Amino acid sequence: MKKPQYCVFGAGIIGLCVARRLRQAGVSVCVIDPRDLGQGATGASAGLLEPPMKPRSPFQLARHASFEGYSQFVEDLNRESQYEIEFQHLPHVHLALTDEEVDKFKRWESAAGSEEQSAFWLEAQEATERWRQLSSQVKGAWVHDRGAWVYPPDLLWALKTVLEDQDVPLYLQIQNLEIEPKTDGQVQLRFLNSSQSEIQFDSVIPILCAGAWTPAILKQLDLFPEFEIQAIRGQMVELQADFQIEAIFHLENRYLYFREGNRLLIGATTEEAGFDENIYSAETDSLLDTASKAFSIDSFSVLNTWCGLRPKVLRRGGAWLRTEFPILLAGHYKNGILGGPRDADLLVSKLTGNPLESFSPFKE
């Protein structure tokens with residue numbers, strides 16, 4: 001096996017996107033992760049894609065550019081992997097239950113302006129006429145028609161297929177990771193692979209895409225806490241409903257959306273609970289209560305519950321993207337699925353010197 005020049009820490013969607021682009025640029029690379037594929041923030045992702053209206057700040061402009069190029073990104077991955085990623089354009093519907101929320105969303109409408117045809121306010125009667133399953137508690141809805149949804153496991157599978165076709169080693173479920181800093185931004189790595197065989201790279205450039213686990217790696221490099229990233233816990237529940245709506249709903253900092261077979265998924269990522277990934281019945285009950293506030297549900301059964309951690313940067317300005325040691329792409333919080341692929345292309349563009357427009361569907 002050819003010695004890799006780069007080693008990507010993190011086998012989630014962002015790490016795999018970085019490895020894909022490096023390999024396509026002719027650079028040798030490997031990926032390592034102490035867990036299985038996509039078991040970090042990717043496992044907690046619902047795949048919701050909503051661009052900002054009237055983007056102004058650098059962060060908003062980046063999200064807008066990410067959304068604009070996403071359809072082509074999915075199309076490229078479908079072609080490279082010979083796999084069909086589940087992806088569709090869906091409206092995002094923000095439900096109002098209180099007079100305060102009604103006032104807030106109407107202010108959004110005023111801020112959007114009459115030229116913004118893709119975003120509009122619906123009074124309660126209009127909303128229930130459009131989606132008759134809405135609960136009588138709903139007082140109105142702010143609708144953003146320019147939204148989309150992608151199935152994260154499909155993205156993972158397609159990226160994994162592409163990397164395997166390009167002979168990129170994926171070391172998953174590794175143990176006993178030892179990192180020793182060297183010179184010129186390189187490190188020595190030693191770890192046990194899933195077969196308990198020792199793997200050692202005497203000099204490799206690390207790229208940290210490890211989400212909420214990035215601080216633990218930085219600590220081994222004596223760089224903590226300069227790049228502080230906090231783990232934010234999120235729990236999800238999947239219900240069997242007796243109806244289906246093609247829209248993504250938002251209510252009380254939770255999201256609700258349907259998959260085929262009348263399966264309703266509800267989730268939230270707001271709790272600062274460290275690395276606690278246990279499933280709590282109180283949070284499950286709270287998510288079920290959200291569903292009953294949003295929809296008139298006669299009956300439902302719980303199919304599945306799970307939990308994941310998302311990395312939140314403790315500073316303004318969004319995720320960390322560094323091209324000097326330590327090379328770093330982490331801290332996307334709730335924007336990893338939307339912003340991660342573009343940021344991965346941007347990072348590789350800066351590392352290789354290849355202009356972004358020469359290989360990426362995303363604009364800088």
Checklist line | Cross-chain or 6+ apart pairs with Cβ under 7 Å, region 48-73 first and assigned by TED's automatic domain parsing to the domain that holds His332 and under 14 Å from Gly340 (Cα atoms), then of a type in the set (Val, Ile, Thr) and not in a helix (DSSP H, G or I) | finding: Leu48/Ile248; Leu49/Val150
Checklist line | Counted residues, region 105-161 - those being of a type outside the set (A, V, I, L, M), surrounded by 15 or more Cβ atoms within 10 Å (Cβ to Cβ) and farther than 21 Å from Glu50 by Cα | finding: 7
Next item on the list: Check Phe120, Phe191 and return the single one that is touching a residue at least 60 places away in the same chain (Cβ under 8 Å) and part of a strand (DSSP E or B).
Entry: Phe191
Next item on the list: Determine if region 148-159 includes at least one residue that is of a type in the set (Gly, Ala, Ser) and in a strand (DSSP E or B).
Entry: yes
Next item on the list: For Ser66, work out the one condition from (1) hydroxyl-bearing (Ser, Thr, Tyr); (2) more than 17 Å from the chain's Cα centre (by Cα); (3) buried (at least 18 other Cβ atoms within 10 Å of the Cβ) it doesn't fulfil.
Entry: (2)
Check: Do you know which residues across region 194-208 are farther than 14 Å from Val8 by Cα and in a strand (DSSP E or B)?
Finding: Glu198, Ile199, Gln200, Asp202
Checklist line | Which numbered condition Glu101 fails, given (1) farther than 30 Å from Val187 by Cα; (2) surrounded by 15 or more Cβ atoms within 10 Å (Cβ to Cβ); (3) touching a residue at least 60 places away in the same chain (Cβ under 8 Å); (4) over 15 Å from the mean Cα position of the chain (by Cα) | finding: (3)
Notebook entry, point to check: Do we have Ile337 as within 19 Å of Ile232 (Cα to Cα) and either under 16 Å from the mean Cα position of the chain (by Cα) or buried (at least 17 other Cβ atoms within 10 Å of the Cβ) (or both) here?
Noted result: yes
Checklist line | Qualifying positions in region 46-69 - closer than 26 Å to Phe258 by Cα and assigned to a helix (DSSP H, G or I) | finding: Arg63, His64, Ser66, Phe67, Glu68, Gly69
Item checked: Count of residues meeting criterion [among the hydroxyl-bearing types (Ser, Thr, Tyr), in a loop (DSSP other than H, G, I, E, B) and buried (at least 21 other Cβ atoms within 10 Å of the Cβ)] in region 1-45 -> 1
Item checked: Flag if Phe249 is over 29 Å from Pro326 (Cα atoms) and of a type in the set (Phe, Trp, Tyr) -> yes
Check: Which of the residues that make up region 162-183 are outside any loop (DSSP other than H, G, I, E, B) and either of a type in the set (A, V, I, L, M, F, W, C) or over 21 Å from Val18 (Cα atoms) (or both)?
Finding: Val162, Leu163, Leu170, Leu172, Gln175, Asn176, Leu177, Glu178, Ile179, Glu180, Pro181
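Restricting to region 297-313, name every residue that is within 19 Å of the chain's Cα centre (by Cα) and of a type in the set (Gly, Ala, Ser).
Scanning region 297-313 gives a single hit, Gly308.
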Notebook entry, point to check: Out of Ser57, Ser45, which single residue is under 23 Å from Lys312 (Cα atoms), at pLDDT below 95 and more than 13 Å from the chain's Cα centre (by Cα)?
Noted result: Ser57
Next item on the list: Inspect region 70-84 for any residue being of a type in the set (Ser, Thr, Tyr), surrounded by 14 or more Cβ atoms within 10 Å (Cβ to Cβ), touching a helix residue (DSSP H, G or I) at 6+ places or on another chain (Cβ under 7 Å) and not in a helix (DSSP H, G or I) and give the result as yes or no.
Entry: yes
Next item on the list: Using the structure shown, decide if Leu90 is touching a helix residue (DSSP H, G or I) at 6+ places or on another chain (Cβ under 8 Å) and in contact (Cβ under 8 Å) with a residue 24 or more places away in the chain.
Entry: no
Notebook entry, point to check: Is there a residue in region 299-312 that is of a type in the set (D, E, K, R) and either under 20 Å from Val138 (Cα atoms) or modelled with pLDDT of 80 or more (or both)?
Noted result: no
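The values are calculated or read from the model by the stated rules, or taken from the named source; none is laboratory data. Here the structure is a predicted model, which is why all the values come from computation and not from measurement. Ideal geometry is used to build each Cβ from the backbone, glycine not excepted, and the neighbour counts take in all protein chains shown.
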